């Protein structure tokens, strides 16, 4: 639910779904979300 229903991208990108959620993968918000997701996955 969090990955598909939330959105933090500064560019408003909603077409590309990454492992961490929707976003452009380039803006600071996407980079922060990606980093947090990867750190969370590493703890599992």
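Annotations
- Global form of the chain, assessed from the alpha-carbon gyration tensor, a/c cut-off 1.5: oblate
- Relative contact order (%) - the range 2-43, alpha-carbon pairs under 8 angstrom, separation at least six: 33 percent
- Compared with the dominant Cα axis of the chain, that is its longest principal axis, helix 28-43 is turned about 20°.
- Among 27, 9, the order by Cβ neighbours within 10 angstrom, fewest to most, reads 27, 9.
Only the coordinates and a few stated rules stand behind these numbers; no lab work does. Remember, predicted model here, so these are calculated numbers, not experimental data. Counting neighbours? That spans all protein chains shown, and the Cβs are built from the backbone with ideal geometry, glycine included.
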